[in-house]
1. From LYS223, LYS239, grab the single residue that is outside any strand (DSSP E or B) and free of Cβ contacts under 8 Å to residues at least 60 places away in the same chain.
2. Examine the range 145-157 for a residue that is acidic (Asp, Glu), outside any helix (DSSP H, G or I) and within 19 Å of GLU213 (Cβ to Cβ), and state whether such a residue exists.
3. Of all residues in the range 125-150 being over 25 Å from PHE172 (Cα atoms) and in contact with a Leu (Cβ under 8 Å, 6 or more places away or on another chain), which is surrounded by the most Cβ atoms within 10 Å (Cβ to Cβ)?
4. What's the total number of residues in the range 163-208 that are under 24 Å from VAL102 (Cα atoms) and in a loop (DSSP other than H, G, I, E, B)?
5. Of all residues in the range 71-102 being among the hydroxyl-bearing types (Ser, Thr, Tyr) and within 22 Å of VAL171 (Cβ to Cβ), which is farthest from the chain's Cα centre (by Cα)?
6. State whether the residues of the range 73-95 include one that is touching a residue at least 40 places away in the same chain (Cβ under 8 Å), within 25 Å of LEU258 (Cα to Cα), part of a loop (DSSP other than H, G, I, E, B) and not polar (S, T, N, Q).
7. In the list CYS204, CYS236, which residue meets the criterion of being touching a Pro at 6+ places or on another chain (Cβ under 9 Å) and over 24 Å from HIS62 (Cα atoms)?
8. Count, please, the residues in the range 233-258 that happen to be more than 26 Å from GLU177 (Cβ to Cβ) and within 17 Å of the chain's Cα centre (by Cα).
Amino acid sequence: MKKLLLFLTGLMICTTLFSQDSITKSYWTDGTACNIPKHRWELGLFTASRYGITDRLELSAHPLMVFVMPQVKIKVGWGEYAGFRLATEHGIFYPTQFMRLVATKGTGGLISPEFTIPQMFAISNRFLVSYKPFRNALLTAHGGISFAIKFGPLDRRTTIDLPIIYPRLAVFYNEPELDAGIDFRGKFVPRFGWLFNVENFIVCGTKQNYFIENKGVLAYTSKKETLRIEAGYKLCFGKYPAGPQWHLLPVVDLVFGL
């Protein structure tokens, strides 16, 4: 036990001594209350890309999915109070085109073509608060709510019972949907860091009402903050229409900073 305490103490001291940059300088901070600087781009290969409109206003969207399942978010920074950084995130999500594309028989078909997918979109609002428990580490808590607007009925048999996808579409079958979670990230040494987060989804109006996702990654950042490489896992649990299921998925991403 003493050896473990000494190791953890040494790790925290190394984190403090060897890391020169504060993580709240706002690079690579998607999912926190920090905003990227004005005019900076962060282009993700598998995750959403971000652009700093101003130092306190940030736009994000996925460059590939924007054509079939667009989700656009704006994050507004509200400043720092007593060591806590505050932000709100507001988004709109339009899945109609994607669901119509996969409503086909054969390869790629996830929904039976007999069903009609109406025009619909969801509006989400989230509050984020970030705090530095020690130097070069950032702890964030968030909570939010989503509502769906549909221009026609949506048959419940059109659900796509897959991890990651199902929790984000559940709001269109049972609304509203609540989400809450934590994000903990930091640096071991200047170029290497870690990220660990947990996100919970609670869907109102159904017994298939709870989903949780846990993501853990190690990350390398280039010296000039122009490239970030992440590798790790995502563990998912959910109450799907077919019953409770667990999924363990690999996570790999490249993010370019400009």
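1. Details: LYS239 fails: outside any strand (DSSP E or B).
Exactly one residue qualifies, and that residue is LYS223.
2. No.
3. That would be SER130.
4. The number of residues fulfilling the criteria is 6.
5. Quick first cut of the range 71-102, residues among the hydroxyl-bearing types (Ser, Thr, Tyr) only: 81, 88, 94, 96.
With within 22 Å of VAL171 (Cβ to Cβ) added as a condition, the list becomes 88, 94, 96.
On the way: THR88: 14, TYR94: 17, THR96: 21 Å.
Ranking the qualifying residues of the range 71-102, first place goes to THR96.
6. No; the residues of the range 73-95 include none that is touching a residue at least 40 places away in the same chain (Cβ under 8 Å), within 25 Å of LEU258 (Cα to Cα), part of a loop (DSSP other than H, G, I, E, B) and not polar (S, T, N, Q).
7. Values: CYS236 fails: over 24 Å from HIS62 (Cα atoms).
Exactly one residue qualifies, and that residue is CYS204.
8. Number satisfying all stated conditions: 4.
The values are calculated or read from the model by the stated rules, or taken from the named source; none is laboratory data. Here the structure is a predicted model, which means the values were calculated and not measured. Quick reminder, even Gly has a Cβ in these numbers, built from the backbone with ideal geometry, and neighbours come from all protein chains shown.
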